[in-house]
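Please treat every number below as a calculation from the coordinates, not as lab data. Computed from a predicted model, the values in this text were never measured in an experiment. Positions of Cβ are backbone-derived with ideal geometry, glycine not excepted, and every protein chain shown enters the neighbour counts.
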Amino acid sequence: MTWLPAILAMLVILLIGGVVSVNISRKQQARNRTLAIITRDKQATSGKEESKDKQLAKAREQLEKRLKEAGKQEAAHKQDKTSIKEKMQQAGIEAPASRFWIASAIFALVMFIVVKFILNMGILSVVLITFTAFFGLPRLFLNLKAKGRQKKFLEELPDALDACVRLLQAGMPMTEAISMVSREYTGPLRDEMQRIYDNQKIGVPLGQAAYETAKRIPLTEVHMFATALQIQSETGSSLSEVLTNLSGVIRARFRLKRKIQALSQEAKSSAAIIGALPILVTFGLWCVNPKYMEPLLFTAKGHVYLWGCGIWMSLGILVMRQMINFKI
């Protein structure tokens with residue numbers, strides 16, 4: 001029975017997935033401890049009253065310190081692996097992590113049936129494709145969805161901050177400004193601002209509610225926004241200047257990013273042509289002379305050659321991507 005080893009490999013993959021899902025809660029607890037810097041309790045201050053200038057200077061020093069700590073924490077958080085539950089929250093999917101693993105297992109089973117019984121591929125191809133379908137493609141889907149949601153959020157954040165500044169200058173409290181933003185905007189920004197407002201209404205401190213948003217939208221700008229709200233709730237300082245500066249920084253980063261994209265577009269087009277050329281040539285040869293390509297596509301030795309070519313091409317594409325991908 002030639003398909004028995006493939007079934008055993010599938011069962012091993014499912015067992016590994018179960019072990020990974022059991023360890024999610026343990027990893028998430030450790031990660032939450034590293035994020036606690038934003039919501040730490042206010043230190044006890046001396047009983048002597050300070051002057052207004054000293055209070056503002058102290059609040060400014062605390063803000064600078066918190067922003068530096070938030071930047072270090074975000075860098076460490078990016079290096080650590082994000083749990084599936086957090087990835088689902090970042091992608092805007094409100095569901096338990098077990099559903100992700102169930103969907104991944106179903107998708108892997110479907111791919112196993114297709115490549116084994118329909119395409120009749122070799123055992124090595126079946127195992128690798130099934131493994132990728134279980135561990136790789138679902139995570140890639142979450143990453144792409146989370147990045148798209150973060151991009152939409154960040155595009156509307158500067159205008160929302162400017163609106164908050166105008167409302168604050170008009171005399172409205174920050175909570176009402178957030179409520180107004182949640183009614184005027186759409187997409188991820190509306191959802192996150194509405195969550196901040198709803199959490200604040202049921203008794204959650206404003207800084208803590210913003211901290212939860214920083215977990216679902218792990219961007220530097222959102223961490224700054226959460227830190228500013230946390231310090232404002234502790235010191236009572238004005239938010240107008242901080243939010244105005246933050247809005248200006250975000251717009252400047254957008255301008256720089258678009259300029260870099262325009263300058264690097266030629267290199268990106270060349271990399272796309274080089275990466276697609278082997279596939280296009282193979283497809284062209286298949287259309288011109290199918291028998292010439294049959295040994296490569298329908299024999300065990302040909303499958304080994306294809307996997308080798310695919311691995312080396314993937315490494316080359318990754319190297320080119322690192323050369324032309326600039327982080328702003």
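The table below gives the values:
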read-out	value
Pair residue 103, residue 219: separation of 7 Å Cα→Cβ label points (nm)	2.3 nm
Modelled FRET efficiency - R0 51 Å, residue 155 with residue 291, Cβ distances, 0.05 increments	0.45
Potential lengthening between residue 261 and residue 282 on full extension [0.36 nm per residue; Cα-Cα distance subtracted]	4.5 nm
